[in-house]
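Step one of this worksheet: look at the structure below.
Please treat every number below as a calculation from the coordinates, not as lab data. This structure is a prediction, so every number in the text was calculated from the model and none was measured. Quick reminder, even Gly has a Cβ in these numbers, built from the backbone with ideal geometry, and neighbours come from all protein chains shown.
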């Protein structure tokens, strides 16, 4: 049971499949993220990988042996890290439902990352198949066993912290979740991240933060760090959250960072500046253009006339050419809240009410009573 300063009070990038690849991580770090999580990578996939030092890029690549070599180094690339930018700040998220495979996979990458995080929170089928992800919440004995094995055989051996990401077990009663938190904290983990929704809830639904005091206290009683996840939009909100629950509490941003990786800054960039910089970063690490385009399309406001133009691109050069034509129409800071697009003027505070000239829509406020001073500030410009 180790309290690690690595996580304490940090604002971090969430693990996101496809969206959390290296360009997003690097841009998030540049604009203030304290730590970044890799996308979830399944144990069996990682076990098939070969570690390769990519000298031209300065990266460490994990390539799948026998994988798709249509584009060598890209189509068979499972994981890539840039040590000169990510060292000391990179947490690797592992998907597993087997203690032995978990240890075997984690050992492969342990020397190149700063922590191993077990995914026990993702409810999507690509995570829950074979009992992984949020499915582990239904098998707490197995979940506990995996964490103990990782702590003993990877954390202690490689001197890196082990953590876990979970969801609420019940939306009306805190006791099941608090009881599980106590069990998990006793395994020797250094951090627990809670997505404040149940397995059946989706991102369009307001998170449940009513139980946070009990859960935070459970973590503190074991000297385990705690990170909150679920509808946290930006650094300003995070700091207000810490004012209520303590400066040791961490925050994790997912959809807000997916649409705008500069959300970790006190002054996030408008999307007409985010997109060309993101493309440039992606080019610098030779990111697969298809993945760059996928992420970039999430950085556009809904129904943007540029969506189809970007969607037709097949190279970074084409993406950059289109981005250079956006102009002042893109001079708005894009945020997401409950899967809806929110546009703010660059000079607005990130928790401001929308401008009077903008259409307004009331956002859901259920379960938000415990969120610090935020209930009254959840109206924002909604892009249909």
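Tell me, what is the percent relative contact order of the chain, built from C-alpha pairs under 8 Å that lie six or more residues apart?
It rounds to 17 percent for the chain.
Spacing of the modelled spin labels on residue 347 and residue 18, each 7 Å from Cα toward Cβ, amounts to 3.8 nm.
Give me the number: length gained by fully extending residue 156 to residue 331, i.e. 0.36 nm times residue separation minus the C-alpha to C-alpha distance, one decimal in nm.
Once the chain is fully extended between residue 156 and residue 331, it gains 58.2 nm.
Measuring between their Cα centroids, the range 202-266 and the range 157-200 lie 14 Å from each other. Here 62, 288, 294 are placed in order of increasing Cβ neighbour count within 10 Å, fewest first, which gives 294, 288, 62.
If you plug the beta carbon distance of residue 266 and residue 214 into 1/(1 + (r/R0)^6) with R0 = 41 Å, you get a FRET efficiency near 0.85.
What is the diffusion coefficient of the range 268-318 in µm²/s, taking the Kirkwood radius over Cα pairs and the Stokes-Einstein relation at 37 °C with a viscosity of 0.692 mPa s? The calculation lands on 295 µm²/s. Estimated at 0.36 nm per residue, the fully extended path between residue 175 and residue 311 surpasses their Cα-Cα distance by 44.3 nm. Net length available on complete extension from residue 71 to residue 321 is 87.7 nm, with 0.36 nm assigned per residue and the Cα-Cα distance removed.
Placing pseudo-labels 7 Å out from each Cα toward the beta carbon at residue 182 and residue 200 gives an inter-label distance of 2.6 nm. Footprinting exposure proxy ranking of 116, 47, fewest other C-beta atoms within 10 angstrom first, gives 47, 116. The peptide list 85-95, 253-263, put in order of mean Cβ contacts within 10 Å with the highest first, becomes 253-263, 85-95.
Starting from the alpha-carbon convex hull of the range 4-80, give the projected area averaged over all orientations, in nm².
If you wrap the Cα atoms of the range 4-80 in a convex hull and average its projections, you get 6.2 nm².
Taking the DSSP bridge list for the chain and keeping only pairs wholly inside it, about 40 percent are antiparallel. Per residue, the convex hull spanned by the alpha carbons of the chain comes to 126 Å³.
When a/c reaches 1.5 or more, the comparison of a/b and b/c decides; with that in mind, is the range 88-199 rounded, prolate or oblate per its Cα gyration tensor?
Taking the square roots of the gyration eigenvalues as a ≥ b ≥ c, the range 88-199 is prolate.
The ranking of 167, 84 from fewest to most other beta carbons within 10 Å of each one's beta carbon is 84, 167.
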